[in-house]
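To start, the structure itself, in structure tokens.
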Ligand SMILES: *Cc1c(COP(=O)(O)O)cnc(C)c1O
């Protein structure tokens, strides 16, 4: 191994990575430090980070609020297991219920990741189905709900699913259209699981009225409406939760990614009387530990106290305007600071690489879409730096032979 004091060459760290880590793609650079919206690699090269750890680093890197919460809680009480309650856990549960409007009877389960939050949602669907006789779980084509066997079963992408069959039975995938929705929701459906905006699919919003109609139909047929807000939640879209934009109330919501701004934490929030769990049916050793939940409290308090939701909305609008008209750009999708920039050719991977060579981190969830998910704290300086670097990367790719730079679409971009 390379001693920490020495700077490993690219060849060295890539050799170590392929020797010691499972080969699952990624590893675009060896990053060693971060501050605000910038990260540095082992050679001292500075990058503007507009991926934010895949929509995780809501406060950027090394934010004093984050550092202080981790340090103080680590020194006080880090972990006690689910045999005990702790003040940070109780505080975060109450805070999430309030922000989500989960109601007096709403409940929170803490997990460690988005996949685990969704596994909990799937088990909730089973508990619900036991009472109604319904077993089917419906998810949407293009969805990403995670990589564990249950959440993978709701993620209908052949490259992800096929090596791992058999998957969960009685899972049905529909196109995200109102017609398909009308057809699929009947009394055999235990739950419909949807992302308000499909991040991994290239930041694709649901069609207008989809969530509202989904709410009506699931209620009519006694099915649960479960929103996966792992990527869209806790302020990413400029609202606390993206479902709130639609004026509906779901039965459950999964969260992770930005909730503790880089500390691993996931959650399932149930609304109204929909918590059907009882002792013995579910739990997690790490889930809801005081360290993770203290960080979650500090992060959400900072978002609230510093008015960051307004900044997310304003900076999102500013960025959308800044990229309109740049070479290769055909449009933007998404909300707040979850933005998909659509390109005129399947060159997203080439644009991502050109951006990285210039010191800008963005991501290419599909061949024709660049996704950005910067920190909620960005200001004019970050927007200007992004615009200059991104414009240069686009110009470089536009000037080169597009056919030689067609993205491979090998699926290495997704978590
Ligand atoms: C990232 C993501 C997940 C999976 O979260 P992990 O923490 O990687 O398990 C699930 N759903 C959505 C919408 C996501 O964006």
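Each reported figure results from applying straightforward, stated rules to the coordinates on display, with no laboratory input. Just so you know, these numbers come straight off a predicted model, no measurement behind them. So basically every Cβ, Gly included, is an ideal-geometry build from the backbone, and we count neighbours across all protein chains shown.
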- Task: Once you have the Cα-Cα distance between residue 157 and residue 91, take 0.36 nm times their residue separation minus that, and quote the gain in nm to one decimal.
- Result: 20.0 nm
- What does the helix-only formula give at 222 nm for the chain: each DSSP H stretch with n ≥ 4 adding -39500 (n - 2.57), the total divided by the residues, and the result rounded to the nearest 500 deg cm²/dmol? -11000 deg cm²/dmol
- Distances over 14 Å make up what percent of all Cα-Cα pairs in the stretch 14-76? 66
- What ranking of 107, 79, 145 emerges when the number of other C-beta atoms within 10 Å of each C-beta is taken as an exposure proxy, fewest first? 79, 107, 145
- Message: With only alpha-carbon atoms in the gyration tensor, what are the semi-axes of the equivalent ellipsoid for the stretch 77-305, in Å, largest first?
- Response: 27, 19, 17
- Where does helix 348-357 land angle-wise versus the long Cα axis of the chain, in degrees 0 to 90, nearest 10? 50
- Task: For the stretch 66-107 and the stretch 212-268, write down the distance between their C-alpha centroids in whole Å.
- Result: 19
- When 303, 54 are ranked with the fewest other C-beta atoms within 10 Å first, the list becomes 54, 303
- Message: Just want the ordering: 193, 67, 329, from fewest to most Cβ atoms lying within 10 Å of their own Cβ.
- Response: 67, 329, 193
- Modelled FRET efficiency - R0 45 Å, residue 67 with residue 179, Cβ distances, 0.05 increments: 0.35
- Message: What does the extension gain come out to for residue 320 and residue 33, with contour length at 0.36 nm per residue minus their alpha carbon separation?
- Response: 100.5 nm
- Task: Compute the acute angle (0 to 90°) between the alpha-carbon long axis of helix 64-76 and the principal axis of greatest extent of the alpha-carbon atoms of the chain; round to the nearest 10°.
- Result: 60
- Item | Within the chain, percent of DSSP bridges classed antiparallel, to nearest 5 | 65
- Message: Taking R0 as 35 Å, what FRET efficiency do you get between residue 11 and residue 395 from their Cβ-Cβ distance, rounded to the nearest 0.05?
- Response: 0.70
- Pairing the Cα long axis of helix 380-399 with the longest principal axis of the chain, what angle in degrees results, from 0 to 90 and rounded to the nearest 10? 70
- Item | Long-range tail of P(r) for the chain (Cα pairs > 39 Å, %) | 17
- Item | Of all DSSP beta bridges in the stretch 1-118, antiparallel share, percent nearest 5 | 100
